[in-house]
Amino acid sequence: MANRPCAGRRGVQEGELAAAAVGVPGGVSASPVSRPPKWASRYRFHAALVDIACALLAGTTAVAARFGEVTPYVAPYVVMSGMLPLLWSCSLAINRAYEPRLIGVGSEEFRRIAQSGFTLTAAVAIAAYVTKTDIARGYVVLALPVMTVLTLCARYGMRRRLHRRWARGGCMRRVVAVGHRAAITDLTRRFRRERYHGMEIVAACVPYDASGEVEGVPVLGDFTDVPLVVEQAGADTVAVLACPELDGTALRRLAWRLERSRTDLVVAPALMEVAGPRTTIRPVAGLPLLHVEHPELAGIRQLIKNAFDRIVAGVALVALSPLLAVLAVAVRVSSPGPALFRQTRVGKDGAEFTILKFRTMWQDAEARKVDLVSDAGGVLFKIRQDPRVTPMGSWLRRRSLDELPQLINVVKGHMSLVGPRPPLPEEVARYRDDVRRRLVVRPGMTGLWQVNGRSDLSWEESVRLDLRYVESWSLMLDLQILWKTWSAVIRGAGAY
């Protein structure tokens, strides 16, 4: 269907909507009920098959490991293993682990799978106690945990495969963005840059001048046209951005109009960079208020983070000491100069420290810097094909091995394993007040900037990611970033 503005048909559309709402509670449009995208339905079907296979494999493994052979005594456990897929599927369904909104993003899918495993284990234990059934504990201890772990691994593999398809532009959720042009522009750029979220904006609804385009996205109407624009664009999701025109009442009415077509409705609050455990819904006087806690920059959680950083860094130094020695010798042999490069960086609360890295440039690199022009905007100095980098240094940078000596900085307490990028003093001197917020925590060896593009990021995007980390820090987020760092290092994207 050709893209055409809906604003010109507003009188007809409002009449159609009013007529469609007659006799329907809440003014819900009587359009035909739609279903999730075909790819999402297929994904859920394949996930169910994978879950069944994991349950069968776990049951078979438990019988073989616990009993070794099938005897009359073992026959009930064989039957139980045959019933395990049904019990597992029911447990996952009860815990809503198949919801389309969980597909491909976030940790909620994995949390619900783990919760399902715990719930099923507890149910089996309670049922055996109540009925006084004698069940071999070795079978239960093997079958249910193994089943849960296998399912988590299989779902993770499915998610990685889906992310690769998203990166190629397939299986995308079609989104209608509702808000002001500036907010839609920002959201469109983010979705195009971070395609692993699986969302593509195909149309926009803006107030006032409902025509033209926003970042190449056609504007097909204003806020009153959203349901019709969804149908016209073949969308399955509506993203409402923060704007004063869409207050609670208007948003509720929009939800009613989208309910019949089962179109997903997502709302981006004004505090877009604050997420996770810092935000909770607190009902007050019948109003769902969003309570935002202050970031925990001191206290017991920070002590735990510091202890975790130093222990892990110390263990890593010992384990990687042979590799560090080999790399140090290779740097010394490949080009004249010391193996380690020392540079002053700015840490927590503006305190300066000396960062350690394997040397990746020729010795006269600083003198040659004045003749070069940075490829990056803002205060960063980055060059894709930097002539000052040695061949060995290029290899080290591509694999991020030049940063391994920073484990010493972590052990000393100058840095953390995860945090904002450690800046240079001349960069800090050019910071605006809001950018200085990066300095309230220790800089990190890796961070959101590392797993989201590294040097390919613009200065504004790098700042945004660092500020998001400061505002939303948690130990679980640190673990997620550390896990994602491996894939970012293997890809080598943005490393130069």
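The values are calculated or read from the model by the stated rules, or taken from the named source; none is laboratory data. Here the structure is a predicted model, which is why all the values come from computation and not from measurement. Cβ atoms come from the backbone with ideal geometry, glycine included; neighbour counts cover every protein chain shown. All accessible areas refer to the heavy atoms of the entire protein, side chains included, with ligands and DNA or RNA removed. Shrake-Rupley method; radii C 1.70, N 1.55, O 1.52, S 1.80 Å.
Once the convex hull of all Cα atoms in the stretch 34-183 is built, its volume per residue stands at 135 Å³. Here the alpha carbons of the stretch 165-267 define both size measures, Rg and Dmax, at 12.8, 39 Å. Around the amide H of residue 361, modelled in the peptide plane, lie the amide H atoms of 390, all under 5 Å away and 5 or more residues distant in sequence or on another chain. If R0 is 56 Å, the Cβ-Cβ spacing of residue 325 and residue 289 corresponds to a FRET efficiency of close to 0.45.
Couplings for the stretch 197-206, taken from phi via the Karplus curve 6.51 cos²θ - 1.76 cosθ + 1.60 with θ = phi - 60°, read 6, x, 10, 9, 7, 10, 7, 9, 10, 10 Hz in order; Gly and Pro are left as x. For the stretch 145-170 versus the stretch 63-83, the spacing of their alpha-carbon centroids is 30 Å.
Taking Cα centre as origin and charging only the Cβ of basic (Lys, Arg, +1) and acidic (Asp, Glu, -1) residues, the dipole magnitude of the stretch 396-496 rounds to 200 debye. The label-point distance for residue 105 and residue 193, in a model that sets each label 7 Å from Cα toward Cβ, rounds to 1.6 nm. When Rg and the Kirkwood radius Rh are both evaluated on Cα atoms of the stretch 60-137, their ratio Rg/Rh stands at 1.07. Projecting label points 7 angstrom from Cα along Cα→Cβ for residue 431 and residue 252 puts them 4.4 nm apart. Multiplying the residue separation of residue 165 and residue 180 by 0.36 nm and removing their Cα-Cα distance gives an extension gain of 2.4 nm.
Take each peptide in 172-180, 151-159, 297-305, count the other Cβ atoms within 10 Å of every residue, and average; sorted highest first, the result is 172-180, 151-159, 297-305.
A Förster radius of 56 Å, combined with the Cβ-Cβ distance separating residue 128 from residue 475, puts the computed FRET efficiency at roughly 0.95. On the stretch 428-479, 55 percent of the accessible area sits on carbon and sulfur atoms, based on a 1.4 Å probe. With R₀ fixed at 51 Å, the C-beta to C-beta distance from residue 52 to residue 364 puts the FRET efficiency at about 0.20. Between the stretch 410-428 and the stretch 180-230, the C-alpha centres lie 38 angstrom from each other.
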